[in-house]
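J.: Can you keep this structure in mind? I'll have questions shortly.
The values are calculated or read from the model by the stated rules, or taken from the named source; none is laboratory data. In this text, all values refer to a predicted model and were calculated from it rather than measured experimentally. Positions of Cβ are generated from backbone atoms using ideal geometry, with glycine treated the same way; all protein chains shown enter the neighbour counts.
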């Protein structure tokens, strides 16, 4: 992905928490809600969990390694939240089902799900086995969908709930060395949009909201990972390119975390079913109205053709 091929925004983007999504603005806005956060042990996942706890929610934390959740658990408890920590591989169907049953038993019904667990090995397809490629798809797409399947039926029953899936700009562009990641995130964004369409058809659009959220460029363990030696041997220019690419990772994880807390309140309902970049001002975007967003096909995956051709049935 060559950054020079993309136009810069003419409206300033946010790289840190801004007033509308600050802790003060969202104080107690999610009181008495229970939120589940996957991949909550560090980075973006931890920031999401802490922002939800700061807004009054109780939180259930999931991660591959139970020990990695300790710091997040302590931080959320210090914010006054009831917290449960659970070891879970989101690709393991029986374990996912078991964990969600435990969450309901320990903490109660689930109001908010944030699918954050993800994976990107940063290797070209020609240097991966099919199993490696498919595992990336499973973590980014299957894992999120398994969690959605666990909570959506009860949300439909209660006619209430929010599901936020951390997507990526990679879902919207061709990012080399990330084929599985690109495809998995694109599938997730399209699934979110289509599920929301089904909810609208069933008269639940105002009650249950699905969102795909780009977290910005955050220097996490995944985002800041170095290329493997064998990849650098084949593509030695990556060493220098990676330095320039790294400069794009300038967003604080609390920006994504606070955006998730805002969406969990229901205030961003005009964006339901949409792909949203958390660096944009969410109140400015929601303020144009849902009808305008839909009329112009904004904040959704789409294909454009030569003038005169349309994507007709």
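J.: Could you check, for region 148-155, whether at least one of its residues is surrounded by fewer than 23 Cβ atoms within 10 Å (Cβ to Cβ), over 13 Å from the mean Cα position of the chain (by Cα), at pLDDT below 95 and over 21 Å from residue 133 (Cα atoms)?
T.: No.
J.: Is there a residue being closer than 29 Å to residue 94 by Cα and without any contact (Cβ under 8 Å) to a residue 12 or more places away in the chain anywhere in region 182-198?
T.: Within region 182-198, one or more residues are closer than 29 Å to residue 94 by Cα and without any contact (Cβ under 8 Å) to a residue 12 or more places away in the chain.
J.: Separate question: For region 206-225, name all the residues that are more than 18 Å from the chain's Cα centre (by Cα) and modelled with pLDDT under 95.
T.: 206, 225
J.: May I pose another question? Just need a number here: residues in region 263-300 that are touching a strand residue (DSSP E or B) at 6+ places or on another chain (Cβ under 9 Å) and either at pLDDT below 95 or not in a loop (DSSP other than H, G, I, E, B) (or both).
T.: 9
J.: Still on this structure, please answer the following. With (1) more than 19 Å from residue 39 (Cα to Cα); (2) surrounded by fewer than 17 Cβ atoms within 10 Å (Cβ to Cβ) as the list, and residue 82 as the residue in question, which single condition is left unmet?
T.: (1)
J.: Here's something else I'd like to know. Of all the residues that make up region 243-296, how many are surrounded by fewer than 16 Cβ atoms within 10 Å (Cβ to Cβ) and over 23 Å from residue 27 (Cα atoms)?
T.: Qualifying residue count for the region: 16.
J.: I need every pair where a residue in region 138-149 that is at positive phi has its Cβ under 8 Å from the Cβ of a residue that is part of a helix (DSSP H, G or I), sequence separation at least 6 or different chains.
T.: none
J.: Taking only region 65-79 into account, find how many residues are under 14 Å from residue 38 (Cα atoms) and either touching a helix residue (DSSP H, G or I) at 6+ places or on another chain (Cβ under 6 Å) or in contact (Cβ under 8 Å) with a residue 40 or more places away in the chain (or both).
T.: Looking only at that region, the number is 1.
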